[in-house]
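Q: Structure incoming, see below.
Every number here is computed from the coordinates shown, using simple stated rules; none is lab data. Fair warning: this is a prediction, and the values are worked out from it, not measured in the lab. Heads up, the Cβs are rebuilt from the backbone with ideal geometry, glycines too, and the neighbour counts pull from every protein chain shown.
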Amino acid sequence: MPLTKLILAASASLGLTACAAVPSAAPPLSPQAALVQRQLDAYNAHDLEAFLATYSPDIEIFDITDAAAPQMTGLEGMREVYGGMFVSMPNLRCDLGNRIADGAFVIDHEICAMGEPGDPPERAIAIYQVENNLIRRVWFAPVD
């Protein structure tokens, strides 16, 4: 008797019933996670204005390995850096590996294509802090 039939027969003799796993619908995103997702979607579309619209005018971006002072501040700094990236890096894209959202913080594991197709992806952890429905601070941590 094949193993599957044996297990089913044993289960039936014990009065157990089999049940199939039913995929559940994904839970709705928190407002903070939805904001970070809009930011990621705009980044991948290279839509600079939609991307910047998700950030506070007082945005601070940090490298977590040297978080004493922000590496970039303000929307104009972001406009210059990301605007240049969107133009000069047509294959630029980040995909979400995993996300944790709790209160004002959203933590994304991002897998990013930075160069030519086929180049190995860059991986990073991005920690977003949301205040007043805008991203106020971001900390980036490299992943080895």
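Q: Could you say which residue among Ala141, Ala104, Ala113 is small (Gly, Ala, Ser) and under 15 Å from Leu40 (Cα atoms)?
A: Ala113
Q: Can I ask one more? Working only within the range 109-131, note down all residues that are within 15 Å of Gln39 (Cα to Cα) and of a type outside the set (A, V, I, L, M).
A: His109, Glu110, Cys112, Tyr128, Gln129, Glu131, listed by residue number.
Q: Of all residues in the range 45-70, which are loosely packed, with under 15 Cβ neighbours inside 10 Å and not charged (D, E, K, R)?
A: Ala45, Ala50, Ala53, Pro57, Ile64, Thr65, Ala67, Ala68, Ala69
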